[in-house]
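Notes follow the structure.
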Amino acid sequence: MLWVMPPLAAVEPVILNVQAEQMTGTRSVDISYEIRDPDNAAVSVYLKISADGGQTWEVPTASATGAVGRGIQPGIVQHIRWDSSVDLANRYSRTVRFKLGTTDWEPAAGMNLIREGSFEMAGPSHTVWVSEYAMDVYEITKELWDSVRQWSLDHGYLDLPIGQSFGTEHPVHTVSWFDCVKWCNARSEMEGMKPAYTVDSAGTIVYRSGRIAPHVDWQTGYRLPTEAEWEKAARGGAAGHRFPWSDSEKITPDRANYDESEKSGSVKVGSYPPNGFGLFDMAGNHFEWCWDRFGDYTSDPQTDPRGPNVGVHRVFRGGGWYDNAKNCEIANRRAFTPETVYNRVGFRSVLPRPARPWLELESKNITVDGHPRWIVNGRETDTSVNVGKQATVRLSHRFERGQIFYSIDGSQPTVLSRKYTGEFTVDQSIVLRELHLNEDLTETLELPQVQIRLVPFVSLKWSVAGEGKLECSPQQDQYLQGESVRVQAIPADGWRWVRWEGDLSGEERQATLILSTHREVRAVFEPIPRHELTIEARGGRVSGAGTYSQFERVVLQAIGIGGWEFLGWSGDYVGNDPKLSWEVKAPARLVATFGTTVNTVATGGGKIALEPAMKVYPYGSKVRVIAVPDLGYGLSLWGGAGVDQTQSEWTLTVTNATPKISALFGPVLKPCP
């Protein structure tokens with residue numbers, strides 16, 4: 001059967017107006033841009049940064065937030081915030097450039113994007129470049145396997161096995177390498193994609209049955225990952241580690257399912273934390289089939305390696321639930337013949353990025369200063385500061401092996417001004433201006449002026465009325481004039497917040513106070529009123545009676561026991577739900593009424609009538625009990641709940657569960673004629 005390509009209709013997204021500017025008084029850069037894409041509601045956007053005018057793009061982007069990554073909306077101006085104090089710390093460059101790339105390709109649901117790039121692959125260590133692809137977040141579950149297999153049975157796939165698992169949400173296992181390859185093809189066709197594996201080199205006959213080493217179209221369809229793709233994904237963006245996490249070189253039962261986890265089988269996928277790419281179970285749970293034939297690595301750099309062209313055994317990676325720590329290491333390689341099935345080997349699939357390129361656009365060069373503006377009393381700051389009696393000032397060189405000249409009176413600095421040779425101390429207010437020169441004296445840079453203002457100390461006195469406490473942030477014995485302090489009132493148990501008094505007013509428990517002079521604040525608390533909740537259970541059981549704080553919520557559960565069943569609430573609440581959430585606003589009385597059945601047994605010629613006749617009688621009901629003998633019979637004796645009765649009619653008060661009333665009727669002897 002040939003595969004027929006469905007019609008394609010896609011308009012490439014366009015990225016426009018990339019602009020960047022360092023925000024005044026900060027080390028953050030605002031990057032703005034616009035995306036136009038008429039046929040998609042969301043696109044993916046990546047960011048690259050150069051500090052040398054675009055010759056290399058190696059500046060980290062870890063601090064980038066905002067409109068970067070997946071799901072970016074076209075049609076509006078978007079913004080990315082990048083922090084040079086994190087990714088370009090203590091560096092200065094006039095040739096910082098930002099490059100944005102966009103595509104409207106989105107990986108399938110349940111897959112995460114693995115960006116193109118190089119990484120160090122183990123055994124022996126060598127540099128490998130891998131093109132962009134998406135990988136299943138989870139190992140293929142039995143549930144997903146079954147869904148695709150069911151579809152495949154009606155579409156030319158003749159021999160996909162049922163497979164095994166420890167649960168529907170556990171990884172499928174006992175599937176061969178051949179089975180996994182054919183399943184990937186079925187998944188592609190089911191989702192309308194061209195399958196990756198074909199019988200012929202021309203790529204026209206889809207591989208759907210049998211056991212062959214198929215030809216591969218690497219640019220389309222679901223397929224098994226190559227070893228390089230698997231290892232790059234497993235490393236999660238970190239380098240040189242034994243396992244798929246970067247904060248430890250050990251594997252423990254709280255990170256993965258392996259022999260020391262003592263699970264006696266797999267666990268539900270996603271039961272352990274993901275790695276840096278958001279992929280789960282890259283160590284343990286099940287080994288995972290890869291495309292490659294087993295063979296030795298070389299130390300030569302490679303691009304998209306796909307393993308040897310000859311060989312019998314196919315590789316599987318990652319370790320399983322029965323395996324030791326060594327087998328779960330990222331670099332560990334195992335191999336089986338491709339027809340082998342095993343209860344510790346499953347797989348996950350990858351999806352290559354379509355051949356359409358990412359569209360890129362660069363900004364103009366801008367100047368980015370990743371240094372703090374200055375360091376005052378040991379604290380980095382980018383703005384003017386207030387200090388107390390004196391301040392120690394340290395400046396940062398913008399040019400390597402450069403010089404700094406400065407003034408402290410606001411005048412224009414020149415090479416005749418003070419030369420910076422190390423930190424200095426001031427005991428008066430200053431206006432600092434700096435002139436930076438590079439080593440060759442061919443470049444200069446004058447930084448914006450900043451000030452040190454010597455201001456007096458002020459105090460914040462506080463007190464509380466009632467029981468509670470007041471917390472200040474920052475908590476200090478004295479503050480600088482103009483400093484802001486965050487205050488929070490915290491009531492003690494049984495007390496509630498009322499208001500602020502003194503130099504602060506209002507009823508919000510948290511407030512900010514500007515200390516322009518000495519301040520006094522008082523936090524006022526009052527006892528929370530308490531109310532009695534009375535509960536009467538008529539027949540069954542209800543817990544929760546007692547004294548509660550006003551507005552406290554109490555959950556009550558009416559429980560029918562020993563033959564009683566709940567009928568309803570009365571008193572200050574009317575309803576028939578046995579579970580009641582009650583807010584205590586005032587003293588209250590709640591009555592839970594239960595009911596029971598009344599059973600009768602008549603022996604001999606007669607019956608027992610109950611008035612009123614009911615299926616269930618509420619607790620305390622008055623029931624009229626009547627003996628009704630048949631013709632020729634009379635009441636001989638009451639029993640059960642009527643054992644003490646002598647009359648043919650009497651009244652039962654229902655206070656016990658399932659009372660039983662019995663009556664004996666006997667023949668009435670006629671007198672002799």
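Remarks
- Taking 15 Å as the cut-off, the amide N atoms of the stretch 578-613 that come nearer than this to a point 7 Å along the Cα-to-beta-carbon line of Glu565 belong to 578, 593-599.
- Summed residue charge, Cβ within 9 Å of Gly203's Cβ, Lys/Arg positive, Asp/Glu negative: -1
- Taking a straight line from the alpha carbon of Lys622, these lysines sit under 24 Å away, with near neighbours fewer than eight places off in the same chain left out: Lys607, Lys660.
- Summarising the label geometry, the points placed 7 Å from Cα in the beta-carbon direction at Val574 and Gln475 lie 5.4 nm from one another.
- In order along the stretch 473-479, the Karplus-derived 3J(HN,Hα) couplings, from 6.51 cos²θ - 1.76 cosθ + 1.60 at θ = phi - 60°, round to 9, x, 9, 9, 6, 8, 10 Hz, and Gly and Pro are given as x.
- The lysines within cross-link reach of Lys419, meaning a Cα-to-Cα straight distance under 27 Å and a gap of 8 or more places when in the same chain, are Lys389.
- Full extension of the chain between Glu467 and Ile528 gives 20.9 nm of extra length, using 0.36 nm per residue less the Cα-Cα distance.
- Take the convex hull of the alpha carbons in the stretch 216-366; its mean projected area over all directions comes to 12.0 nm².
- Cα extents of the chain along the three principal axes, largest first (Å): 150, 87, 51
- Accessible area of the chain divided out per residue, in Å², using a probe of 1.4 angstrom: 50 Å²
- Accessible surface of the stretch 382-432, 1.4 Å probe, proportion on carbon and sulfur as whole %: 44 percent
- Accessible surface of the stretch 502-543, 1.4 Å probe, proportion on carbon and sulfur as whole %: 41 percent
- Total charge dipole magnitude, the chain, about the Cα centre, Cβ charges on Lys, Arg, Asp, Glu only, Debye to nearest 20: 1440 debye
- Carbon + sulfur, % of accessible area of the stretch 31-160 - ligands and nucleic acids excluded, 1.4 Å: 48 percent
- R0 of 22 Å, Cβ-Cβ distance Glu12-Ala108: FRET efficiency to nearest 0.05: 0.65
- The stretch 414-504, relative contact order in percent, only Cα pairs under 8 angstrom and at least six apart counted: 19 percent
- Nearest-20 debye value, the stretch 140-295 charge dipole, Cβ charges on Lys, Arg, Asp, Glu: 180 debye
- With a cut-off of 10 Å between beta carbons, the residues surrounding Val315 carry a summed charge of +2, where Lys and Arg count +1 and Asp and Glu -1.
- Cα-Cα over 25 Å, subset of Lys48/Lys326; Lys48/Lys364; Lys461/Lys585; Lys182/Lys326; Lys142/Lys182; Lys579/Lys615: Lys48/Lys326; Lys461/Lys585; Lys182/Lys326
- For the pair Gln55 and Val86, a Förster radius of 22 Å applied to the C-beta separation gives a FRET efficiency near 0.45, rounded to the nearest 0.05.
- Within-13-Å neighbourhood charge of Glu439 [Cβ basis; K, R +1; D, E -1]: -1
- Entry note: the stretch 385-510 has Rg to Rh equal to 1.24, where both radii use alpha-carbon atoms and Rh is the Kirkwood radius.
- With both residues required to sit in the chain, DSSP beta bridges show an antiparallel share near 85%.
- Highest average first, the peptides 340-352, 154-166, 543-555 ordered by how many other beta carbon atoms sit within 10 Å of their residues are 340-352, 154-166, 543-555.
- The chain: relative contact order in percent, alpha carbon pairs under 8 Å with at least 6 residues between: 9 percent
- When +1 charges are put on Lys and Arg Cβ atoms and -1 charges on Asp and Glu Cβ atoms, the dipole computed for the stretch 57-173 relative to its Cα centre reaches about 760 debye.
- Checking every one of the trypsin sites (Lys or Arg not before Pro) in the stretch 359-468 against DSSP loop status and a limit of 14 other Cβ atoms within 10 Å picks out Lys364, Lys389, Arg401.
- FRET efficiency for Arg394 and Asp440, using Cβ-Cβ distance with R0 set to 25 Å, rounded to 0.05: 0.50
- For the chain, adding -39500 (n - 2.57) for each run of n ≥ 4 DSSP H residues and dividing by the number of residues yields -1500 deg cm²/dmol at 222 nm.
The values are calculated or read from the model by the stated rules, or taken from the named source; none is laboratory data. A quick note: this is a predicted structure, and the numbers were derived from the prediction, not measured. Glycine gets a Cβ as well: all are built from the backbone with ideal geometry, and neighbour counts include every protein chain shown. The protein model used for the area step is the full one, side chains on, heavy atoms only, and it has no ligands, DNA or RNA in it. Shrake-Rupley method; radii C 1.70, N 1.55, O 1.52, S 1.80 Å.
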